[in-house]
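The values are calculated or read from the model by the stated rules, or taken from the named source; none is laboratory data. Given the structure is predicted, the values throughout are model-derived calculations rather than measurements. So basically every Cβ, Gly included, is an ideal-geometry build from the backbone, and we count neighbours across all protein chains shown. Ligands, DNA and RNA are excluded from the accessible area calculation, which covers all protein heavy atoms including side chains. Shrake-Rupley method; radii C 1.70, N 1.55, O 1.52, S 1.80 Å.
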Amino acid sequence: GFFVNTLVLRTDLSGNPTFRAVLQQVREMTLGAYAHQDMPFEMLVEAVQPVRNLSYAPLFQVMFAWQNAPTAFPAAQQDLSVAPLAAESGTAKFDLTLSAEEHGAEIACTLEYSTDLFEAATIARLVEHLTNLLAGIVADVEQRVEALPLLNDDERAMVLREWNAWRDTSYEIGNLSELIEAQVTRTPEAVAVVGEDQHVTYREIDQRASHLARRLQQLGIGPEETVGVCLPRSPEAIISLLAVLKVGGVYVPIDPAYPPERLDYILKDAQASVLITDSQHSVAFNGPVLCMDQNESMSVAFDTGSVPVKVEPQCLAYLIYTSGSTGQPKGVAIPHEALAYHCRQVSRDYRLTADDRVLQFASLSFDASLEQILPPLMAGATVVLREADLWSPADFYGKAWELGLTVINLPPAYWQLVLQKCSDFVGPKHSSLIRLVIIGGDVLPVESLALWEQTRLKDVTLLNAYGPTETTITATTFGVLHFSGSEKLFRSVPIGRPSINRTAYILDRYFNAVPIGVVGELYLGGAGLARGYRNRPELTAEQFVPDPFDAEPGARLYRTGDRARYLPDGNIEFLGRFDHQVKIRGFRIELGEIEAELRRHPAIQETVVVLQRAPHAPEDHRLTAYIVRRPGQVFALDE
């Protein structure tokens, strides 16, 4: 019969033990397991009852075989030598098998692997990393587990330095308001913003923003003073943003559609001194309120000169409130230098010019809206505001052609729907003017590339952008047109490499750089890092940690909580979250916040919220809550 020696080794690595201590654990468990080493394979399968799948072995997929029994060969005859001959079976019994065999003072190792799962280069790297690990152990068996090396010096330098070598120390940031005002001087009569039945020139938008800025100054707004802006997508909302930046204040965008409780919490947590809104949105606020559609002082007719304000780079530029795991939103504090740097970088990387017409698509309470507004205004382009009602995906291509859009930035779910309908467009035969499409805010599935290649947009530049709010909008980008064609090997389109003067590291829990292909946590640093969280010093210290790879005093890294790995060419592949945070249509959602709100219901004892994705419709994201009722309580679904 067929017998199997099965060892399940669970070593305790808490406390970062030495390798000798780990080896002792393995020895004790191995000796204990040998007491039960002989078991018929059929009996083992019957006892475990694993889920069967034709694509892999049912009990285990990775095997280590240690051959230390003496090998007996026939005695050598005259003029005849005897040696073992390796035989190629052409098939792999398991996904990965490492066989080791003693030959005197040497150990010969062989790796057998499934070519459906692994490339030869991957196995070669695995062998090199194992060799580095064993050499480190032999050099000092008393080393702590965290210190054992997987990378050699060359690979460590590559992942830490070469792939973060986009440094430009001569890159001047400048004052963001001054950069936009300079563009006003160059093209005063050019159209800056297009809204519903509105075309606002650079001169007009600057005059109105300057006048509003003076009103804010009269109300005591200056550096570090917060201003809540609760307006729908409109030229007035952009004017309010520019006015706050002109006086060096802190812009706090608030979606008018938010529930009153959330509006009230954000205004109080941000300690807003002034609220800018309109007569259609009644917001409870104990302070000065400026209504953009009622106040006659908003006229362009007077007091529109420049607003001389000294804004230090470290002063806050805006607060964006994102979902919080404790049940309350948390405010991400971004300084002026980070915002100005990012806008300069985007304007250059996207090659924005006065000929561009850029779609402003994202919600104004989402940080991507700033990327869709400020860099185009710096470059003299036209910002085109989408209508209040979301365009139907079937109408998008026609709308883009009608408005003459050249640059669009969309979330992946909406982009996929647009691609599905794009081929149905029956307008003019020539393509639209779109030259650049940026997809960001969520995972871009590889399946969408096949759709993209079948549409009229297949020849435009397609960028997959990634960046948490804490790193000022966009931290890494990947040019899809330069894809190698191996997209089927990945779960999603890679997120690329860090932008200029930014850094991206994939580290293990001991802050060691992980090898190519190994999963770790993504850390981001360099230019664009937030100051931290508003009124949350503990959370700031937890998420923004000292940067061990930067000699500059005070340098920090942001812990994204994202699982990622390096690809062989240095690009980064996003693999999901370590926690329960999710993204839907570009919005970051802490499931814990929803759970905390549901637990407030008197009939709910416990709840768990999960994200569900339809297998054949990845754009169909839904949140589902599983609820445990309190004993004796009645829970109605319509409550």
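Would it be correct to say that Glu595 is of a type in the set (Asp, Glu) and open to solvent by less than 20 Å² (accessible area, probe 1.4 Å)? Against the criterion (of a type in the set (Asp, Glu) and open to solvent by less than 20 Å² (accessible area, probe 1.4 Å)), Glu595 does not qualify. What single numbered condition from (1) part of a loop (DSSP other than H, G, I, E, B); (2) exposed (fewer than 10 other Cβ atoms within 10 Å of the Cβ); (3) not polar (S, T, N, Q) fails to hold for Ala35? Single failed check for Ala35: (1). Taken over the range 351-363, residues that are open to solvent by 10 Å² or more (accessible area, probe 1.4 Å) and either assigned to a helix (DSSP H, G or I) or farther than 19 Å from Trp415 by Cα (or both) amount to 5. Scan the range 329-344 and give yes if some residue there is part of a helix (DSSP H, G or I), closer than 20 Å to Val437 by Cβ, touching a residue at least 60 places away in the same chain (Cβ under 8 Å) and open to solvent by less than 10 Å² (accessible area, probe 1.4 Å), otherwise no. Yes, there is a match, as at least one residue in the range 329-344 is part of a helix (DSSP H, G or I), closer than 20 Å to Val437 by Cβ, touching a residue at least 60 places away in the same chain (Cβ under 8 Å) and open to solvent by less than 10 Å² (accessible area, probe 1.4 Å).
Residue count for the range 95-114 satisfying the condition of being among the β-branched types (Val, Ile, Thr) and modelled with pLDDT of 90 or more: 1. Would you mind finding the one in Gly248, Gly287 that is open to solvent by less than 50 Å² (accessible area, probe 1.4 Å), in contact (Cβ under 8 Å) with a residue 40 or more places away in the chain and under 24 Å from Tyr533 (Cα atoms)? That would be Gly248, the only listed residue that is open to solvent by less than 50 Å² (accessible area, probe 1.4 Å), in contact (Cβ under 8 Å) with a residue 40 or more places away in the chain and under 24 Å from Tyr533 (Cα atoms).
Find the residue count for the range 423-478, including only residues that are open to solvent by 20 Å² or more (accessible area, probe 1.4 Å), among the polar types (S, T, N, Q) and at pLDDT 85 or above. The number of residues fulfilling the criteria is 2. Residue by residue through the range 38-59, note down the ones that are open to solvent by 60 Å² or more (accessible area, probe 1.4 Å) and not in a helix (DSSP H, G or I). Matches in the range 38-59: Asp38, Met39, Gln49, Val51, Arg52, Asn53, Leu54, Ser55, Tyr56. If you filter the range 105-143 down to residues that are open to solvent by 80 Å² or more (accessible area, probe 1.4 Å) and part of a loop (DSSP other than H, G, I, E, B), you find that the one that is nearest to Arg20 (Cα to Cα) is Glu142. Look at the range 529-552: where a residue is farther than 17 Å from Glu224 by Cβ and a partner is among the acidic types (Asp, Glu) and buried (at least 19 other Cβ atoms within 10 Å of the Cβ), sitting 6+ places away or on another chain with Cβ atoms under 9 Å, you get Leu529/Glu470; Gln543/Glu470; Phe544/Glu470.
Note on the range 553-573: among residues that are open to solvent by 40 Å² or more (accessible area, probe 1.4 Å) and in contact (Cβ under 8 Å) with a residue 12 or more places away in the chain, the one that is farthest from Leu126 (Cα to Cα) is Arg556. The set of residues in the range 312-327 being on the phi < 0 side of the Ramachandran plot and either touching a Cys at 6+ places or on another chain (Cβ under 9 Å) or at pLDDT below 85 (or both) consists of Ser323, Gly324, Ser325, Thr326.
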